[in-house]
Every structure is written in structure tokens, then in C-alpha cells.
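*Asks:* Dumping the structure here so I can ask a few things about it.
The values are calculated or read from the model by the stated rules, or taken from the named source; none is laboratory data. Just so it is clear, the structure is predicted and the values come from calculations on it, not from any experiment. Quick reminder, even Gly has a Cβ in these numbers, built from the backbone with ideal geometry, and neighbours come from all protein chains shown.
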Amino acid sequence: MSNKSKKTLISWASLKNINVYINQNKILSNININLNYGENILILGPNGSGKSTFLKLFNRSVYPITSNQSSFKLFNKENINIWDLRRKVGFLFKEMEKRVNNGVTLYDVIISGFSGTFNSRYSKFIQESEQDKINNLINEWELNKIIYNEFNSLSDGQKRRGLLARALVYKPNILVLDEPFCNLDIKSNFILHQNLNKLIDQSINLLYVTHNLESILTKTNRVILIKEGEIIKDGNPNELLNSKILSKLFNISINVIEQEGYWRMIPLNN
């Protein structure tokens, strides 16, 4: 990226000297980074490297250690109202599926994007404008036939589409996704890949984690590599997604192959 293009970028998140401890264990160390509009960012790293914790900084479920030398700003604010945040950023985390109780329908789950809780109570108080948004999302994500099915009875692919619809109820500019392709079969993976690329075409910016190179979105234009809680590389996919760098990242000899924006890796015999 040229110096000229860097100057024109507008940041929606700015992290300076960020450290995160969980149960007295240091999970993230010395994070210094800006995330900008117009970027669709992949976070890549080994299991336990701190990828999910990094994402949780943005929904405020994890807080960094504060000091005079550190700052964490979202939309140029160090303190942001949680409801204002939800209107600007949609979230999908793996553990969300486990938080849905038996008997809660897919419809209730999507509506909970307005209230933040997975239950059917809010549906009684939904406004007409909110109902219109829900109906549009149901149609866009092709959920009509299953919308009143119990959420826990759905396939992984159906659950993921429902939770993404939930994340979009406020029409946010940013989507933060923790392993959205996890446990999906080939067809569901492909459909989700297409749908997320469509959102990018609608000027929604993605920040997402995946552990599978085959799930990397073709419209990804920035890659951040995390290892042992530190950002070790930050650049575009063509610079970083290669055999040498990823072999070092994952501590395994691999051959990385790219074809028309799709990636895969093949283990090599030592």
C-alpha cells in the first residue's frame, strides 16, 4: 500500500499499546493497530494465539489493561455507549449458538438483535419499522421456510445464516465474525462465502477469524497474523499468504496455493 493511500484511510478502530489479561494470564501483548473503512480483514493464527480475544475487544466483553501509554478507540471514542456500538457493528461469535435455550425459534433469535437477549419476549413489543427490517433479512438470507423452527433443531449452516441476519438488524457498517465457517459442510461454506462477499459489495466491512485457508473470502484485502498474543505481520493477502510465512506461523512445513482468489495449504513431509 502506498504512503498516499495510507493517508486517505479513515479508521473506525484505533488500538495503542493494548495488553489483555484473562485469569492473570497475558493473552494479548503490545497491540498497536488501526482498522480502517474500506478494509476486509482476516485475522489468522494458531489455536490459542489470541484471535478470539482480539475480536472480543470490539464487543466490549473483554477489556484491556489501561495505562497512560495505552488507548482503545472505537469510532474515535474511548467510551462508547453499548447501544450505539450495536448500531455500528454487528457481531457473530461461536458461543452465541450455545446461549440459545431450547424452545427459542429462529425468528426470536433474529429479533434478539434489537434487545441483546435470546428469548421470545421482545417479539411482543417489536415496532413496525423493526418488523420490516426483520422481514427483509428473512428474505435476503432465504430463511422463510425455517423461520419459526426451533433454533436448536437447525443445521449449522442454517444457524449461522440466522445469526448473521441477527447481526445485521441495525444495518451496521462493520461485521465482526469469529470463525463463521466453523463446522460447515462444503455447500454451506460456499453459500456463506457468496453471501459475505455480497455484503462486502454493499460496503459492509468485515473483520473475521478463520483457521482454514479454504474459507478465506476472495474479497479480503488485509491480513493480520497473530501468534502467542502478538501481531507479527500485517499486510495484504498476496504478501502474507505464502508457504514461507505461514509455515513459520503454524510451525509446520506447508505449501500454500492460490488460484483466482481461493487459497489452500498442503502439508509437506519434513
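*Asks:* How many of the residues in the stretch 97-106 are assigned to a helix (DSSP H, G or I) and surrounded by fewer than 18 Cβ atoms within 10 Å (Cβ to Cβ)?
*Replies:* Applying the first criterion (assigned to a helix (DSSP H, G or I)) to the stretch 97-106 yields 97-99, 106.
Checking the rest, the ones that are also surrounded by fewer than 18 Cβ atoms within 10 Å (Cβ to Cβ) come to 98-99.
Qualifying residue count for the region: 2.
*Asks:* Residues being in contact (Cβ under 8 Å) with a residue 24 or more places away in the chain, part of a strand (DSSP E or B) and charged (D, E, K, R): count how many of those fall in the stretch 71-96.
*Replies:* Within the stretch 71-96, residues that are in contact (Cβ under 8 Å) with a residue 24 or more places away in the chain, part of a strand (DSSP E or B) and charged (D, E, K, R) number 1.
*Asks:* Select from the stretch 174-210 the residues that are in a loop (DSSP other than H, G, I, E, B) and buried (at least 16 other Cβ atoms within 10 Å of the Cβ) and list them in ascending order. Working first, answer last.
*Replies:* Step one: of the stretch 174-210, the residues in a loop (DSSP other than H, G, I, E, B) are 179-185, 202-204, 210.
Glu179, Pro180, Phe181, Cys182, Leu184, Ile204, Thr210 - these are the residues of the stretch 174-210 that are in a loop (DSSP other than H, G, I, E, B) and buried (at least 16 other Cβ atoms within 10 Å of the Cβ).
*Asks:* Still on this structure, I have one more. What are the pairs, 6+ residues apart or on separate chains, where a residue within the stretch 35-57 that is among the basic types (Lys, Arg) has its Cβ under 8 Å from a residue that is buried (at least 16 other Cβ atoms within 10 Å of the Cβ) and not in a loop (DSSP other than H, G, I, E, B)?
*Replies:* Short answer, once both residue conditions are applied: Lys51/Ile43; Lys51/Leu44; Lys51/Asp178; Lys51/Val209; Lys51/Ile226.
*Asks:* Moving on. Can you spot a residue in the stretch 150-168 that is closer than 23 Å to Ile41 by Cβ, surrounded by fewer than 18 Cβ atoms within 10 Å (Cβ to Cβ) and among the polar types (S, T, N, Q)?
*Replies:* For the stretch 150-168, residues closer than 23 Å to Ile41 by Cβ, surrounded by fewer than 18 Cβ atoms within 10 Å (Cβ to Cβ) and among the polar types (S, T, N, Q): absent.
*Asks:* While we're here: Would you mind finding the one in Ile204, Ile186, Ile174 that is under 30 Å from Asn255 (Cβ atoms) and not charged (D, E, K, R)?
*Replies:* Values: Ile204 fails: under 30 Å from Asn255 (Cβ atoms); Ile174 fails: under 30 Å from Asn255 (Cβ atoms).
Sole residue among the options that is under 30 Å from Asn255 (Cβ atoms) and not charged (D, E, K, R): Ile186.
*Asks:* Considering Leu196, Leu184, Leu192, Leu206, which residue is over 26 Å from Gln131 (Cβ atoms) and free of Cβ contacts under 8 Å to residues at least 40 places away in the same chain?
*Replies:* Leu184
*Asks:* Test Thr66 against the stated conditions and say whether it is β-branched (Val, Ile, Thr), in contact (Cβ under 8 Å) with a residue 24 or more places away in the chain and under 25 Å from Asn36 (Cβ atoms).
*Replies:* Values: β-branched (Val, Ile, Thr): yes; in contact (Cβ under 8 Å) with a residue 24 or more places away in the chain: no; under 25 Å from Asn36 (Cβ atoms): yes.
Criteria not met by Thr66.
*Asks:* If we scan the stretch 116-126, do we find a residue that is assigned to a helix (DSSP H, G or I), at pLDDT 90 or above and basic (Lys, Arg)?
*Replies:* no
*Asks:* Let me ask you something else. Would you pick out the residues in the stretch 149-166 that are within 10 Å of Val109 (Cα to Cα) and either outside any helix (DSSP H, G or I) or not basic (Lys, Arg) (or both)? Can you show your working first?
*Replies:* Keep residues of the stretch 149-166 that are within 10 Å of Val109 (Cα to Cα), which gives 150-151, 159, 162-163, 165-166.
Hits for the stretch 149-166 are Glu150, Phe151, Gly162, Leu163, Ala165.
*Asks:* Quick one: Thr53 ticks every box in (1) surrounded by 15 or more Cβ atoms within 10 Å (Cβ to Cβ); (2) modelled with pLDDT under 95 bar one, so which box is it?
*Replies:* Of everything listed in (1) surrounded by 15 or more Cβ atoms within 10 Å (Cβ to Cβ); (2) modelled with pLDDT under 95, Thr53 misses just condition (2).
*Asks:* In the stretch 211-266, what residues are within 16 Å of Asn47 (Cβ to Cβ), part of a helix (DSSP H, G or I) and among the small types (Gly, Ala, Ser)?
*Replies:* Within the stretch 211-266, Ser215 is the sole residue that qualifies.
*Asks:* Here is a follow-up. Out of the stretch 195-215, which residues are modelled with pLDDT of 95 or more, closer than 16 Å to Lys51 by Cβ and either over 14 Å from the mean Cα position of the chain (by Cα) or hydrophobic (A, V, I, L, M, F, W, C) (or both)?
*Replies:* Leu206, Leu207, Val209
*Asks:* How many residues does the stretch 160-196 contain that are within 19 Å of Phe118 (Cβ to Cβ) and charged (D, E, K, R)?
*Replies:* The qualifying residues number 4.
*Asks:* Provide a single number: the residues in the stretch 73-90 that are within 18 Å of the chain's Cα centre (by Cα) and of a type in the set (Val, Ile, Thr).
*Replies:* Here the count works out to 2.
*Asks:* Report, by residue number, each residue of the stretch 155-175 that is over 13 Å from Trp141 (Cα atoms) and in contact with a Lys or Arg (Cβ under 9 Å, 6 or more places away or on another chain).
*Replies:* Tyr170, Lys171, Pro172, Asn173, Ile174
*Asks:* Can you work out which of the residues in the stretch 6-31 that are among the aliphatic types (A, V, I, L, M) and over 19 Å from Leu74 (Cα atoms) is modelled with the lowest pLDDT?
*Replies:* The residue in question is Ile22.
Each row is one residue, and each column tells you yes or no for (1) assigned to a strand (DSSP E or B); (2) of a type outside the set (Phe, Trp, Tyr).
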position	(1), (2)
Lys16	yes, yes
Asn19	yes, yes
Asn30	yes, yes
Asn34	yes, yes
Asn47	no, yes
Ser52	no, yes
Phe58	no, no
Gln69	no, yes
Asp108	no, yes
